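What follows is a set of notes on a single structure, which appears directly below.
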Amino acid sequence: VDVYLHALNDESDRVINAAAIALGKSKSPRAFDALKKLVSKPSWKNQSLISALYGMKELGDPRAVEIAYNALRDLTSPHWTLGTPVWDYRIIAAQTIASLGEGKIAYPYMLEAFKKAMLENDVHGIFYNTLLITELADERGQEIYDALKIKYKDDANAMTAVNQYETQWQASIKIKNEKK
């Protein structure tokens, strides 16, 4: 644990990320406070926040829900636009919330963002919010897949994406229910 805590101050984002994940996996009583501190550490495109969320996901401490929810709702902080869990703090925030069994808390917010994107016909927003809702693994998510199937019924490429997201969501729901 001391090695991981020390590594959180390294200059390399990759070292910090690995240390945060290892610290979370350690389940040390010192982990949460160190990861919480890492959330606000200045970094390029919020790499520190991403690392902290990954560590909190591994730690499994319910105090991380509020931090992850705030990150999920943060639309203004610098971030990567690659839309992958490795680089996007909002995706790892959704994963952290889901891993703590609290997708129900964030679902209404994400549903509103999805509906807004649908009204504006914002394809990027529609599928980005679909990804986030998929990650939350909330049972109410079926309504978005139903809406997507209506909207994109004549677009084979979009339907392929919709079906893939729905399959991923269903698998996440199944895993979540098996853990209960």
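Checked against (1) in contact with an Asp or Glu (Cβ under 8 Å, 6 or more places away or on another chain); (2) at pLDDT below 95, L111 passes all but condition (2). The listed residues are A147, A93, and the only one of them that is buried (at least 24 other Cβ atoms within 10 Å of the Cβ), in a helix (DSSP H, G or I) and not charged (D, E, K, R) turns out to be A93.
Taken over the stretch 28-50, the residue count meeting the criterion of being part of a helix (DSSP H, G or I), small (G, A, S) and modelled with pLDDT of 95 or more is 2.
Given T160, T130, T167, which one is without any contact (Cβ under 8 Å) to a residue 60 or more places away in the chain and within 27 Å of P62 (Cβ to Cβ)?
T130
Among the residues making up the stretch 17-33, those that are of a type outside the set (F, W, Y) and closer than 17 Å to E66 by Cβ are G24, A31, D33.
Rundown of residues vs (1) open to solvent by less than 20 Å² (accessible area, probe 1.4 Å); (2) modelled with pLDDT under 95; (3) more than 17 Å from K25 (Cβ to Cβ); (4) under 11 Å from the mean Cα position of the chain (by Cα), yes/no style:
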site: M56; (1), (2), (3), (4): yes, no, no, no
site: D61; (1), (2), (3), (4): no, no, no, no
site: L75; (1), (2), (3), (4): no, yes, yes, no
site: W87; (1), (2), (3), (4): no, yes, yes, yes
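Going by the structure shown, is A68 among the hydrophobic types (A, V, I, L, M, F, W, C), in contact with a Ser or Thr (Cβ under 9 Å, 6 or more places away or on another chain) and farther than 22 Å from F127 by Cα? Here the answer is no, as A68 does not meet what is asked. Residues that are farther than 30 Å from V15 by Cβ and either more than 16 Å from the chain's Cα centre (by Cα) or aliphatic (A, V, I, L, M) (or both) do occur in the stretch 90-105.
Here Q164, Q168 are screened, and the one residue that is farther than 27 Å from F32 by Cβ, part of a helix (DSSP H, G or I), open to solvent by 30 Å² or more (accessible area, probe 1.4 Å) and in contact with a helix residue (DSSP H, G or I) (Cβ under 6 Å, 6 or more places away or on another chain) is Q168.
The values are calculated or read from the model by the stated rules, or taken from the named source; none is laboratory data. Worth saying up front: this structure is predicted, and the values here are computed from it rather than measured. Cβ coordinates were reconstructed from backbone atoms using ideal geometry, including for glycine residues, and neighbour counts include every protein chain displayed. SASA here: full protein model, heavy atoms, side chains in, ligands and nucleic acids out. Shrake-Rupley method; radii C 1.70, N 1.55, O 1.52, S 1.80 Å.
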